[in-house]
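The values are calculated or read from the model by the stated rules, or taken from the named source; none is laboratory data. Predicted model, so just to flag it, every value in this text is computed and none were measured. Neighbour counts run over all protein chains shown; Cβ positions are idealised from the backbone, glycine included. When the accessible area is computed, the model is the full protein with side chains, heavy atoms only, and any ligands, DNA or RNA have been set aside. Shrake-Rupley method; radii C 1.70, N 1.55, O 1.52, S 1.80 Å.
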Amino acid sequence: MAQRKGAVYVEREEGDDENMTIVDIPVEAVGFVTGKMGNFLRTIELEWKVLMLFGEVSGHKKKDKHETLVIFGEERARRGACLKIMS
């Protein structure tokens, strides 16, 4: 819900790397990855049973001209979702 009001900030805690994957998406591809009204992201979330959002993560150095996509869920599901997005 915070996403609808502005930027989302994720506070990274010890052990979070087991449940979270961070993917840097080039700014030119953000619209494609999001899809119309977030449809593409929601489709991948349903297919892989993950939660994905764009935001800032504490301790993650953001690359120039990239947005940070955070994927939450089981490791296999996160990897599948990540591969689908990268394809």
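Note on exposure: Met86, Met20, Met37 ranked by accessible area (1.4 Å probe, complete protein assembly) read Met37, Met86, Met20, with the most exposed listed first.
Under the simplified labelling scheme, the Lys84-Asn19 pair shows an inter-label distance of 2.1 nm, with each label point 7 Å from Cα along Cα→Cβ. Under the combined filter of DSSP loop state and at most 10 neighbouring Cβ atoms within 10 Å, segment 23-87 retains none of its GluC sites (Glu not before Pro). Taking Lys and Arg as +1 and Asp and Glu as -1, the other residues whose beta-carbon sits under 12 Å from that of Ala81 total +2.
Each stretch of four or more DSSP H residues adds -39500 (n - 2.57); spread over every residue of the chain, this sum gives -11000 deg cm²/dmol at 222 nm. Under Stokes-Einstein, with the Kirkwood radius over Cα pairs as Rh, the value for segment 6-87 at 10 °C and 1.306 mPa s is 123 µm²/s. Across segment 28-42, computed HN-Hα scalar couplings (Karplus, 6.51 cos²θ - 1.76 cosθ + 1.60, θ = phi - 60°) run 5, 9, 4, x, 5, 5, 6, x, 5, 6, x, 4, 5, 4, 5 Hz from first to last residue, x flagging Gly and Pro.
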